[in-house]
Every structure is written in C-alpha cells, then in structure tokens.
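Novice: Mind having a look at this structure? Questions to follow.
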Amino acid sequence: MADTKIILDGLCFAEGPRWHDNKLYFSDMHADTVYALESSGKLSAIVKLDNDQPSGLGWLPDGRLLIVSMTERKVLAYDGSTLKELANLSGLASYHCNDMVTDSRGRSYVGNFGFNLHKGSTFKKTEMIMVESNGNSRIVAEELAFPNGTVITPDGHTLIVAETMAERLTAFDIESDGSLTHRRLWAKLDGAIPD
C-alpha cells in the first residue's frame, strides 16, 4: 500500500480542481476563494469573490483565469489584478452554475444544477452552455442529469462530462465551431455518483 500524506487541510469545500503552470488550482466554494497549491504544500489565495461561490476554473489563451460564479450564474475573468464579468449566463442556465472546462481556443463549457438541489426541489435535467472567449454564449447540449466534472481529451476533439444524477460519463464530439455532437455513453458507473 502506498504511503499517503496530507499536504493541505482546513478547507471549507474544495471544488473544480485544474492543474496549470505546475500548480493545482481549485475553488474553495464556501470560503468564496480560488487558491493555487504547489507540490511543496505552499498555498496561495489567488482571488476572493464578493459574496458568491466560485466553482469551475479555466484559462483563456491570453492567460486570464476564468471562474464560474455559481449563484450569480456568470463566468468571470481575472487578469491578476482585476475581476470582470466575461459572460452572464442567467438567461441560459436553469439554476446555479457549477463546473467548467476550457479548451485551447478559450471556449468554456459550463454546467449547472438544473434545479434547487439544497431545497429538495424536484430533479430536472438541464443544459450545458458554451462561452466563447469574447463572452458570447449559447446552449450546446440539453437534457443532462446534473453536468459536472467536465474534461476535454488531450487531442481536443472530445468532451466528457459526468452526469452526476445519472451515474454515467457522457461524451460528445467537439465541432470546429464549438458545438457538441454525437452524444454517447462513455462509461456507466452503477452505484457511483461521478463528479
């Protein structure tokens, strides 16, 4: 059995991990803060949101950090000193936004809850939204069961999303315009809740 070592504790709710520039970036949702963790264990607070929970993270080709603002249903861009709204998804997202993945061209794919999970509302399938690097946004997939934990394969051609409430990973082809096509089962995870 491999030895394990805790390098960080005391977090409120870590979410949306992404490896970038030899650091692990993540959102501590309930602390409203995005952090970067070095392999040495050194933790740096990158940016704190004002009264909103950060979730999914990504980077634009120009180096700006993208952050999903969950309850505001926005994607924010952070240039190292200023946090600005890139896209307001409140007219597209059925409920609070969550995880996100950004491709090499700066297109971000954002999931959302679809329903009020914490108040016991009836489950409802939802959409995935693509946000272009200029902030233009549109729905690119529908009828997803809580899209979460999204990745893009190394070749940049396939998006895989965890459908948390359906116990499966679903794959799409990414078209040249960013559209998602050829929806298919990537893996069935009976009894698991993927993220």
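The values are calculated or read from the model by the stated rules, or taken from the named source; none is laboratory data. Quick caveat: nothing in here was measured; it's all calculated off a predicted structure. All Cβ positions, glycine included, derive from the backbone under ideal geometry; neighbour counts span all protein chains shown. The area values use the complete protein model at the heavy-atom level, side chains included, leaving out ligands, DNA and RNA. Shrake-Rupley method; radii C 1.70, N 1.55, O 1.52, S 1.80 Å.
Novice: Under a Cβ-only charge scheme (Lys and Arg +1, Asp and Glu -1), can you give me the dipole magnitude of the range 119-181 about the Cα centre, in debye to the nearest 20?
Specialist: 380
Novice: Here's a follow-up. Summing +1 for each Lys or Arg and -1 for each Asp or Glu, what net charge is found among the other residues whose Cβ lies under 13 Å from the Cβ of Ala141?
Specialist: -2
Novice: At 1.4 Å probe radius, can you tell me the per residue accessible area of the chain in Å²?
Specialist: Here the residues of the chain average 51 Å² of exposed surface.
Novice: What is the dipole size for the range 64-123, taken about its Cα centre, with +1 at each Lys and Arg Cβ and -1 at each Asp and Glu Cβ, in debye to the nearest 20?
Specialist: The dipole magnitude comes to about 60 debye.
Novice: Could I ask something else about it? Roughly how much of Cys12 is accessible, in Å² to the nearest 10, using a 1.4 Å probe?
Specialist: Number for this one is 80 Å².
Novice: Moving on to the next point. Among residues other than Glu85 whose Cβ falls under 15 Å from its Cβ, what is the net charge (Lys/Arg +1, Asp/Glu -1)?
Specialist: -1
Novice: For the range 1-98, count all C-alpha to C-alpha pairs, find those more than 22 Å apart, and express that count as a whole percent of the total.
Specialist: Percentage above 22 Å: 29.
Novice: Given a 10 angstrom Cα cut-off, can you work out which residue in Gly149, Gly91, Gly16 is the most mobile in a GNM of the chain?
Specialist: Top of the fluctuation ranking is Gly91.
Novice: So for Glu167, Glu142, what's the accessible-area order with a 1.4 Å probe, most first?
Specialist: Reading off the accessible areas and sorting them downward yields Glu142, Glu167.
Novice: If each Cα of the range 69-195 is one equal point scatterer, what is log10 of I(q)/I(0) from the Debye formula at q = 0.15 Å⁻¹?
Specialist: With no solvent term, the Cα-only Debye profile gives -0.66.
Novice: Going toward the positive end of the dipole of the range 104-195, with +1 on Lys and Arg Cβ and -1 on Asp and Glu Cβ, which of Thr122, Leu180, Pro154 do you reach last?
Specialist: So the residue we want is Thr122.
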